[in-house]
Amino acid sequence: MPQANATILGAGSMGTALSTLLAANNYKVTLWDMEEDVVRGINHLRSNPRSLKDIKLHRSIRATHNMQKALIGADLVVFVVASQAVREVARQAKDFIASNCVVVCAAKGLETVTHKTMTEVLGESLGSGFKNQITAFSGPTLAIEIAQKKPTAVMIASERSNTYSKRAVDAFKSDWFKVSETSDVVGVEYSGVAKHTLAIMAGMVFGLGYGSNT
């Protein structure tokens with residue numbers, strides 16, 4: 001069976017961490033990023049000079065700043081750019097994503113102007129033809145701990161379970177990375193948004209000395 005191809009759009013800390021996970025699952029991974037020094041570092045030094053610098057990247061992970069080159073032949077595309085850049089990056093990527101490709105949205109947040117979730121933004125940007133192929137990826141995931149292969153659990157959410165959602169689950173799951181499937185796309189995405197607010201509030205409570213009960 002030929003090696004599957006995955007493209008990760010966004011070579012930040014999470015994109016880099018997910019590349020190590022997919023590479024360990026026998027995917028040939030292409031990281032796309034706009035910064036040429038990041039691309040050079042990944043290709044020549046086998047590390048990302050901007051994020052997770054101490055993590056050595058597998059030889060099956062390559063990088064490019066050319067969108068078309070990044071997406072040609074991809075079986076799986078993961079969006080993990082900043083939430084406010086998702087619409088523009090999807091617009092650039094639309095013409096190069098294969099019609100049978102699995103689309104995974106690992107970007108968390110709401111679009112500032114429209115207040116739409118990231119899968120809604122992707123659905124609008126990629127078109128109705130991708131409606132059943134877009135999945136949301138979320139959970140308590142510190143990038144460094146993924147790269148260090150520490151036990152982690154996430155959710156893959158899609159409106160209905162189908163071959164695309166199952167391909168997404170299979171792509172990421174491993175002995176130490178648990179992936180559960182759900183149809184609660186809204187719940188998964190809003191939880192990914194709300195956790196930041198809750199974390200800030202918890203920090204304020206801690207700083208005020210109110211204790212664990214509060």
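Does LYS108 count as among the basic types (Lys, Arg), on the phi < 0 side of the Ramachandran plot and not in a loop (DSSP other than H, G, I, E, B)? No.
The residues of the range 89-121 that are in contact with a His (Cβ under 9 Å, 6 or more places away or on another chain) and open to solvent by less than 40 Å² (accessible area, probe 1.4 Å) amount to a single one, GLY109.
Only one entry of VAL77, VAL86 meets the criterion of being surrounded by 20 or more Cβ atoms within 10 Å (Cβ to Cβ), at pLDDT 95 or above and part of a strand (DSSP E or B), and that entry is VAL77.
Scanning the range 4-18 for residues that are open to solvent by less than 10 Å² (accessible area, probe 1.4 Å) and part of a strand (DSSP E or B) turns up ALA6, THR7, ILE8, LEU9. Apart from one condition, LYS69 fits all of (1) within 18 Å of the chain's Cα centre (by Cα); (2) of a type outside the set (S, T, N, Q); (3) in a helix (DSSP H, G or I); the exception is (1). So, in the range 19-56, of the ones that are closer than 25 Å to ASP75 by Cβ and of a type in the set (Ser, Thr, Tyr), which residue ends up surrounded by the most Cβ atoms within 10 Å (Cβ to Cβ)? Among those that are closer than 25 Å to ASP75 by Cβ and of a type in the set (Ser, Thr, Tyr), it is SER19. Among the residues of the range 181-207, those that are of a type in the set (Ser, Thr, Tyr) and over 17 Å from LYS116 (Cα atoms) comprise THR182, SER183, THR197. Number of residues in the range 122-165 that are touching a residue at least 40 places away in the same chain (Cβ under 8 Å), touching a strand residue (DSSP E or B) at 6+ places or on another chain (Cβ under 7 Å) and either open to solvent by 70 Å² or more (accessible area, probe 1.4 Å) or hydrophobic (A, V, I, L, M, F, W, C) (or both) equals 5.
The values are calculated or read from the model by the stated rules, or taken from the named source; none is laboratory data. Being a predicted model, the structure only gives us computed values, none of them experimental. Glycine gets a Cβ as well: all are built from the backbone with ideal geometry, and neighbour counts include every protein chain shown. These area figures cover heavy atoms from the full protein model, side chains too; ligands, DNA and RNA do not enter into them. Shrake-Rupley method; radii C 1.70, N 1.55, O 1.52, S 1.80 Å.
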